[in-house]
Amino acid sequence: MSFNTFGHLFRFTSFGESHGAAIGCVVDGCPPRIPLDQKDIQRELDRRRPGQSRFTTQRQEPDAVKIMSGVFTDERTGTQFTTGTPIMLLIENVDQRSKDYSEIKDKYRPGHAGYTYDIKYGIHDYRGGGRASARETAVRVAAGAIARKIVPGLTVRAALVQMGPHKIDRSRWDWSAVDKNPFFCPDVKQAEFFEGYLDGIRKAGSSCGAVIEIVAEGVPAGLGAPIYAKLDGDLASALMGINAAKGVEIGDGFAAVAMSGIENADEMRMGNDGKPLFLSNHAGGILGGISTGQAIVARFAVKPTSSILTPRKTVDRYGRDTDVVTKGRHDPCVGIRAVPIGEAMVACVLADHYLMHRGQVGEGTAWPFKPGA
Ligand SMILES: Cc1cc2nc3c(=O)[nH]c(=O)nc-3n(C[C@H](O)[C@H](O)[C@H](O)COP(=O)(O)O)c2cc1C
């Protein structure tokens, strides 16, 4: 099963299964002399960790990360820095309950990956979904914590903006609320509503989907390239690569279709700092596959969790009709823990493009040109 590596210059290769001994990744291409402490990575992992509220899976994984290589503490400064060599990150699995899956080991969960893995590889690890489990996304969050440090001045934040059919009220958007409710929701009032809504969904033996919005600020203008390395193309690929993702939008996305060209134009004026000032950001900070210097705005939609307590029709690995009920510990809405995962993937894409941009054109820009140049 190849294709476990993300990125070009900032790359990581992930390994591990949901119920194996450990998961982890090797990050290659991280520049040297970046201060990197285990706590920088742990802080991000703690946001994605399961079992933190009744609204996520009750699997109790501390997700304690160990940095196994690629760093060095200089005793003259006492600071741990990256050395530019491969950074291996390791997270042990400590709370697997494989017996939860023995009842369904021969049956395919509708919406899960067992059937397609069997069709393609002739083998699949039914314990928690094996490699198809979102357990793997912990290492993306860990790699993302390193990526965040590569682009100077970069901030990547995300929030849950819709659960099931219920959207937030954008006029109540408050970034400071995001880490204070169990949904990473920027609308406090809607977060209160989500509690009852999700309890109801769970009690009904079902699940729901969500939309996550990511905003990256401090992105230098010029990242990305036309055609096959469009920044928006790579962001879409990275976000679509998250388990359960079913749609990605950049900027106004599908809503741009309903706008006129007059409304959709991101008009420009010169700002006092000698840089252009965009009067709106329908494009989501990317034009021609290249960043404009505005905030990059992306959204992705995740489908409802496929593991539910309501019996669903399916077939088994021997080609017989049957029904399946998924017991065990599952996220009733995977969109909640997908918030830090979306942030991490965007940070990884931006770090990769930052290094590629530097490799191709160096620092600085020729703009603005002198008259006649
Ligand atoms: C944070 C997160 C947690 C998830 N937890 C579960 C889960 O508990 N049960 C489940 O059936 N799917 C869960 N999923 C989704 C499956 O991993 C995913 O649906 C499956 O691998 C099939 O792939 P696909 O939906 O991308 O086609 C989760 C996804 C994410 C992002």
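The values are calculated or read from the model by the stated rules, or taken from the named source; none is laboratory data. Only a predicted model underlies this, so the values are computations on that prediction, with no experimental measurement involved. All Cβ positions, glycine included, derive from the backbone under ideal geometry; neighbour counts span all protein chains shown. Protein only, heavy atoms only, side chains kept; ligands, DNA and RNA dropped before computing areas. Shrake-Rupley method; radii C 1.70, N 1.55, O 1.52, S 1.80 Å.
Each principal axis of the Cα cloud of the chain was evaluated for its coordinate range; sorted largest first, these ranges are 75, 56, 39 Å.
For a protection proxy built on the mean count of beta-carbon atoms within 10 angstrom, sort 309-317, 333-341 highest first, please.
333-341, 309-317
The modelled label-to-label distance between residue 102 and residue 282, using points 7 Å beyond Cα along the C-beta direction, is 6.0 nm.
Only DSSP H runs of four or more residues enter the estimate; each adds -39500 (n - 2.57), and after division by the residues of the chain the mean residue ellipticity at 222 nm equals -7000 deg cm²/dmol. Taking the charge dipole of the chain about its Cα centre, with +1 at Lys and Arg Cβ atoms and -1 at Asp and Glu Cβ atoms, the residue from 175, 238, 360 reaching farthest to the positive side is 238. Just report the Cα centroid separation between segment 223-270 and segment 45-90, whole Å. One Cα centre to the other: 31 Å. The C-alpha atoms of the chain define a longest principal axis, and helix 38-48 lies at about 60 degrees to it. For residue 22, the residues whose modelled amide H falls within less than 5 Å of its own, excluding neighbours fewer than 5 places apart on the same chain, are 17, 93. Annotation: amide H-H contacts under 5 Å for residue 223 (H modelled 1.01 Å from N, sequence separation of 5 or more, or interchain): 291.
Roughly speaking, what is the stretch gain from residue 254 to residue 174, that is 0.36 nm per residue apart minus the C-alpha to C-alpha distance, in nm to one decimal?
Values: separation 80, 0.36 × 80 = 28.80 nm, distance 2.43 nm.
Working it through step by step, the gained length comes to 26.4 nm.
With θ taken as phi - 60° and the Karplus curve 6.51 cos²θ - 1.76 cosθ + 1.60 applied, the whole-hertz 3J(HN,Hα) list for segment 301-314 is 9, 10, 7, x, 3, 7, 7, 9, 7, 7, x, 10, 5, 7 Hz, x standing for glycine and proline.
Could you work out the longest stretch of the chain that avoids the chymotrypsin sites (Phe, Trp or Tyr not before Pro) located in DSSP loops with at most 10 other Cβ atoms within 10 Å? Present the calculation step by step, with values, prior to reporting the outcome.
Numbers: sites that count: 3, 318, 369.
By the stated rule (loop sites, at most 10 other Cβ atoms within 10 Å), 4-317.
Net charge dipole, the chain: roughly 720 debye, given to the nearest 20, about the Cα centre with Cβ charges of +1 for Lys and Arg and -1 for Asp and Glu.
Take the Cα of residue 38, step 7 Å along the line toward its Cβ, and report every residue of segment 2-27 whose backbone nitrogen sits under 18 Å from that point. Within reach of a label on residue 38, which here means backbone N under 18 Å from a point 7 Å along Cα→Cβ, segment 2-27 contributes 22-27. Looking at segment 294-373, the accessible area is 49 square angstrom per residue; that uses a 1.4 Å probe and ignores ligands, DNA and RNA.
With a Förster radius of 51 Å applied to the beta-carbon distance between residue 369 and residue 22, the computed FRET efficiency rounds to 0.45. For a Förster distance of 25 Å, can you work out the FRET efficiency between the beta-carbons of residue 95 and residue 199, rounded to the nearest 0.05? According to the calculation, E is roughly 0.60.
Expressed as a whole percentage, what fraction of the accessible surface of segment 1-152 belongs to carbon and sulfur atoms when a 1.4 Å probe is rolled over the protein heavy atoms? Mind dumping the intermediate values first?
Working: 3950 of 7380 Å².
Carbon and sulfur: 54 percent of the exposed surface of segment 1-152.
Axis angle, to the nearest 10 degrees, between helix 188-203 and the longest C-alpha principal axis of the chain: 30 degrees.
So between residue 166 and residue 192, what do we pick up on full extension, going 0.36 nm a residue minus the alpha carbon distance? Let's see the in-between values first.
Numbers: separation 26, 0.36 × 26 = 9.36 nm, distance 1.22 nm.
Going from the current span to full extension adds 8.1 nm.
When 195, 92 are compared by accessible surface with a 1.4 Å probe, the order from highest to lowest is 92, 195. Surface listing: 63, 174 arranged by accessible area from highest to lowest gives 174, 63, probe 1.4 Å. In terms of its C-alpha gyration tensor, segment 1-116 comes out prolate, because a/c is 1.5 or above and the ratio a/b outweighs b/c. Per residue, the accessible area of segment 217-281 comes to 61 Å² when a 1.4 Å probe rolls over the protein heavy atoms. Length available on full extension from residue 54 to residue 325: 0.36 nm per residue minus the Cα-Cα distance, which gives 95.5 nm.
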